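Take a look at the structure below.
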Amino acid sequence: MSKIFAQGLVCPLDKNNVDTDQIIPKQFLTSVSRDGFAEAMFFDWRYLADGSPNPDFVINEPAYAGASILLTRANFGCGSSREHAPWAIQQYGFNVIIAESFADIFFNNSVNNGMLLIQLSKTNIDLLFSRCQQGPQNWQIDLASQEIMFGNNAALGFKIDADIKQRLLAGLDFIGNSEQLNSQITDFEQSRKASQPWLG
């Protein structure tokens, strides 16, 4: 059964080892709110010293305005474990990141914020960048069938952890997923109290 998780314009960020300090520099981490990080995303790359947009940075190119799928390279999200990094990316408008690999903490933070991170082989990442070199790309991400759909019946499959897939399809974070087990938790607590009343 088809389930389009996302569809939209693809922005190709052709860089390896993009760390969280580049995604959201440390001077923007003082806010106690989860909002307002979109403008700070990739700040040192997006803006020149005078504060104007850097025309040479891919995300600032008019062809990629409104992109919602980020294509990048290996070890994306490495560095310090700041949850502000996925917040900034998501608030900017990206809800899918496709890369050769991700830093573990960044991956978990992103998934728990409802983003889909797709890991592919270097060969397939190279193929996707080749597609982007042909001109702006609009892709669909079918999470149920685990396919990136390019149009004209062309698609590329991807693997994903079954639990993560279920949570994303249901729109649940870790807490929401645990709440699905409330009745079982209640039954266990009642059974435990009955069999071991001294535990309180």
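The values are calculated or read from the model by the stated rules, or taken from the named source; none is laboratory data. Nothing here was measured: the structure is a model prediction, and the numbers come from that model. Please note: Cβ atoms are built from the backbone with ideal geometry, for glycine as well, and neighbour counts cover all protein chains shown.
For the stretch 14-66, the set of residues classified as hydrophobic (A, V, I, L, M, F, W, C), over 21 Å from ASN109 (Cβ atoms) and in contact with a strand residue (DSSP E or B) (Cβ under 7 Å, 6 or more places away or on another chain) consists of VAL58 only. Only residues that are touching a residue at least 24 places away in the same chain (Cβ under 8 Å) and touching a strand residue (DSSP E or B) at 6+ places or on another chain (Cβ under 6 Å) were counted across the stretch 102-128, and they come to 7. Would you confirm whether or not the stretch 44-64 contains a residue that is among the aromatic types (Phe, Trp, Tyr), touching a residue at least 12 places away in the same chain (Cβ under 8 Å) and assigned to a strand (DSSP E or B)? No, the stretch 44-64 has no match at all. Reported count of residues in the stretch 9-37, each being surrounded by 18 or more Cβ atoms within 10 Å (Cβ to Cβ) and of a type in the set (Phe, Trp, Tyr), is 1. Does the stretch 38-56 contain any residue that is in contact with a Pro (Cβ under 9 Å, 6 or more places away or on another chain), buried (at least 18 other Cβ atoms within 10 Å of the Cβ), under 13 Å from ILE23 (Cα atoms) and of a type in the set (A, V, I, L, M)? Checking the stretch 38-56: at least one residue is in contact with a Pro (Cβ under 9 Å, 6 or more places away or on another chain), buried (at least 18 other Cβ atoms within 10 Å of the Cβ), under 13 Å from ILE23 (Cα atoms) and of a type in the set (A, V, I, L, M).
Being more than 28 Å from GLN133 (Cβ to Cβ), within 20 Å of the chain's Cα centre (by Cα) and assigned by TED's automatic domain parsing to the domain that holds GLN137 holds for only one residue in ASP21, ASP14, ASP50, and it is ASP21.
Being part of a loop (DSSP other than H, G, I, E, B), out of contact with any Cys (no Cβ under 7 Å at 6 or more places or on another chain) and closer than 21 Å to GLU100 by Cα is a property that ASP14 has.
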